[in-house]
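Scroll down for the structure; my scribbles are underneath it.
The values are calculated or read from the model by the stated rules, or taken from the named source; none is laboratory data. None of these values were measured; they are calculated from a predicted model. Please note: Cβ atoms are built from the backbone with ideal geometry, for glycine as well, and neighbour counts cover all protein chains shown. Only protein heavy atoms, including side chains, enter the accessible area calculation; ligands, DNA and RNA are left aside. Shrake-Rupley method; radii C 1.70, N 1.55, O 1.52, S 1.80 Å.
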Amino acid sequence: MPRALVTGAAGFIGSHLSEALLDRGFSVIGMDNLVTGDVANIAPFTGRDFVLVRHDVTNFIAVEGPLDYVFHFASPASPVDYLQLPIQTLKVGGLGTHNCLGLAKDKGARFLLASTSEVYGDPLVHPQREDYWGNVNPVGPRGVYDEAKRFAEAMVMAYHRVHSVETRIVRIFNTYGPRMRVNDGRAIPAFMSQALAGEDVTVFGDGQQTRSLCYVSDLVDGVVRLMLSEVTDPVNIGNPDEMSIRALAERIVALTGSSSRIVEHPLPVDDPKVRQPDITRARTLLEWEPRVPLDEGLDRTLAYFRRKLGI
Ligand code: UDP
């Protein structure tokens, strides 16, 4: 039975990934310091072959016994979180990645880094292909996340080249689904909780900026395929279905049947104007394709927020 470590296992994507690995017969060690994670996210699979270790991976990581795979998913990941936790964000991307790579090297485990479309910054190439080097402001408020992940990618490639660690890098585009924190500040949790409460729905700027939204089960499927593939170079995983943030807000208001108004709030600094993954590499190398249409994904996510908010 393969044994995997998932850092950030009590987080949104980490918990879905852990569950998907259990479904595929893995034994899973989850690690989380619960800064942005929540033990409620792992409740659906407690009692299975899963243990949660409460640990901050910016400190030395000790795991007893053999380990076949390390999935490094620990990090604050919403703009609101990494603005509030800038030093933790830099440390988990820098020191945390270093510790996880050291562990993978020691155990002879294969390592996968959860990187991000934020490495492309406010992109000047559209859609974004993996060979685009990005347009990132290192000293802006988002720089703590973007540069931590860029440093992490460089560290991964160095461990691959110098120590021959088997490594994978996934660049995750906007992902949504159940287990996102209601108040994590991202567009979908914000719009859904506002619409369900009948409050104003806050579009930042004029809402003409675009994002491409991937349902979490599709994302996790791509991540597992990548880990089990032989692809060392970075691979975008995301849904190319691009839309404006205003259109997303309108869609969510309509879906909830809410009478909420859509209002404009100031656009955050360095907010990317466009974002859409070119997924040619994932399609050809992993035979991966997103399957869940937006309306279906939004329905499932809305059902979760209704339960969570008791509305
Ligand atoms: N956004 C918004 N209202 C909100 C939260 C976010 O209009 O209450 C916008 C945000 O400015 C960005 C987009 O929605 O243009 C996606 O933001 P999110 O925080 O979900 O992720 P990002 O793609 O910026 O990392």
(request) Can you list which of the trypsin sites (Lys or Arg not before Pro) found in the stretch 275-311 are DSSP loop residues with at most 16 other C-beta atoms within 10 Å? (result) Arg291
(request) Summarise the long-distance tail of P(r) for the stretch 202-244 by giving the % of C-alpha pairs beyond 13 Å. (result) 63
(message) Test of understanding: what is the full-extension gain from Asp299 to Val162, defined as 0.36 nm times their sequence separation minus their Cα-Cα distance?
(response) 44.7 nm
(message) For the stretch 55-110, compute Rg over Rh where Rg is the Cα radius of gyration and Rh is the Kirkwood radius from the inverse mean 1/r over Cα pairs.
(response) 1.04
(request) Calculate the dipole size of the chain relative to its Cα centre from +1 charges on Lys and Arg beta carbons and -1 charges on Asp and Glu beta carbons; express the result in debye to the nearest 20. (result) 400
(message) Full-extension gain between Glu287 and Arg261, please, as 0.36 nm times their residue separation minus the C-alpha to C-alpha distance.
(response) 5.2 nm
(request) Express in whole angstrom the spacing between the alpha-carbon centres of the stretch 282-311 and the stretch 1-80. (result) 21
(message) For a protection proxy built on the mean count of beta-carbon atoms within 10 angstrom, sort 247-253, 109-115 highest first, please.
(response) 109-115, 247-253
(message) Using only the alpha carbons of the stretch 53-210, what is the convex hull's orientation-averaged projected area in square nanometres?
(response) 11.0
(request) Leaving out ligands and nucleic acids, note down the accessible area per residue over the stretch 57-106 with a 1.4 angstrom probe, in whole Å². (result) 44
(request) Could you tell me the accessible area of Glu242 in Å² (1.4 Å probe, neighbours in place), rounded to the nearest ten? (result) 60
(message) Would the stretch 167-311 count as rounded, prolate or oblate if I go by the C-alpha gyration tensor, calling it rounded below 1.5 in a/c and otherwise prolate when a/b exceeds b/c, oblate otherwise?
(response) prolate
(request) Mind putting a number on the dipole of the stretch 1-131 about its Cα centre? Charges go on the C-beta only, +1 for Lys and Arg and -1 for Asp and Glu, and I need it in Debye to the nearest 20. (result) 300
(message) Which of the three applies to the stretch 78-153, rounded, prolate or oblate, going by the alpha-carbon gyration tensor with a ≥ b ≥ c and a/c under 1.5 meaning rounded?
(response) oblate
(request) Only helical DSSP H runs with n ≥ 4 go in: add -39500 (n - 2.57) per run for the chain, normalise by residue count and round the 222 nm mean residue ellipticity to 500 deg cm²/dmol. (result) -11500 deg cm²/dmol
(request) Return the tail of the calculated pair distribution for the chain, meaning the percent of Cα-Cα pairs more than 33 Å apart. (result) 19
(request) State the answer as a single residue: which of Pro44, Asn239, His72 lies farthest towards the positive end of the charge dipole of the chain, with beta carbon charges of +1 for Lys and Arg and -1 for Asp and Glu, about the Cα centre. (result) Pro44
